[in-house]
Amino acid sequence: MFSTLAAPLRPLLRLSLVPQIAIGILCGIILVVISPKAALSVALLGDIFISALKAVAPILVFVLVMAAIANHQKGQPTHIRSVLVLYLIGTLVAALVAVIASFAFPTTLSLDVSQASGNPPGGVIEILKNLLLSVVYNPVSALMEGNFVAILAWAVGLGIMLRNANDTTRKLINDLSDAVSGIVRFVIRFAPLGIFGLVAGTLATSGMGALLEYAQLLGIIVGCMLFVALVTNPLIVFLTTRRNPYPLVFTCLRGSAITAFFTRSSAANIPINLELCKRLNLHADTYSISIPLGATINMSGAAITITVITLAAAHTLGISVDFATALLLCIVSALAACGVSGVAGGSLLLIPMAAALFGIDADVAMQVVAIGFVISVVQDSTETALNSSTDVLFTAAACRAKDGNKV
């Protein structure tokens, strides 16, 4: 009987994951148009999918990084240094693009919204302090709470210590890594259903009307992210690999950005990115470390959000901003973005810190944050899509620059 019911679905199941996700998106939109009430009821599918990804991501990162380091052979290339350099360059360039766009298209905000709640960090020093404290966090609590900085630190430490372990112990770690990866692949197979629920629930709850009031601000943010994804990032990849970057760029956008757009979490998208790196035949020793690390520190989209909204607030208040100060904002935004954990909406609470550069009152800054939450249904999704796809893009670029492999 089960085979009879499944027969009509076989052509759909034969499709690759991306077409299945596209069908899920289309079905979610259709359901919202036909019955918003029914769309709200299927939102549970999206919640379950995101919860499953977030649950498996910490243990996946911990086991994969530990296994990769423990089994790494001396002399085998990892390219981690090159990936980190690309992460830093990409984030700074993204912030610079946001500054130029903000000067070219100055935006005025309506600062009469209710204040948003939250505890924004007081400055870059506080962010760096929090990062250092996260490194020495309790490993059990880190796994439970998804503290990826601590997870990476403990995984790297244990991996280094286990490099001298006997072959049986290292084989056990490898087997554990394969088992966790198998669970992740099982979860990812449900991505079309999960994204169907996410699309239906989001559109049924928020709609698109709330975005119209701040269309120009949202347009600048999304425009900057598209420019970075399609122009500056490909340029960086070309300068790194000396090859046509767009096949790799579009592969990363299809394989990573689509799911990241709807999960709105770099951490939740880690399993998808690891699977994409595996399909691209990249070095496991490289991507098992660079992908979870990128989900924590590679935040081009966050740098754009912080820069554009901060300069919009300064323009609204009539504060004159020279280009030198704007360049300082680029650096601050890039550093602040590195402190954003891979969760939805993480960049918005860093806006008051950047706004303090221009003497903007904290109460006013939190009103600006509230505007950010209004547009976050698109802003945060686009930001995460850029952040997450760039993790894979720069990892692949670093690998290909060294070994000459093609996409």
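The values are calculated or read from the model by the stated rules, or taken from the named source; none is laboratory data. All of these numbers come straight from a predicted model, not from anything done at the bench. A quick note on method: Cβ atoms are made from the backbone with ideal geometry, for glycine too, and the neighbour counts reach across all protein chains shown. Side chains included, ligands, DNA and RNA excluded: accessible areas come from the protein's heavy atoms. Shrake-Rupley method; radii C 1.70, N 1.55, O 1.52, S 1.80 Å.
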Within the stretch 38-68, list the residues whose amide N lies under 19 Å from a label point set 7 Å along Cα→Cβ of Thr169.
62-68
To the nearest 10 square angstrom, how much accessible area does Leu158 have with a 1.4 angstrom probe?
70 Å²
Starting with the highest mean, order 277-289, 56-68, 39-51, 315-327 by the number of other Cβ atoms within 10 Å, averaged over the residues of each peptide.
56-68, 277-289, 39-51, 315-327
How would Asp363, Asp167 line up by accessible area, probe 1.4 Å, largest first?
Asp167, Asp363
Taking 0.36 nm per residue of separation between Gln216 and Leu327 and subtracting their Cα-Cα distance, the length gained on full extension comes to 37.7 nm
Taking only the alpha carbons of the stretch 27-73, what extent do you get along each of the three principal axes, in Å, biggest first?
57, 16, 6
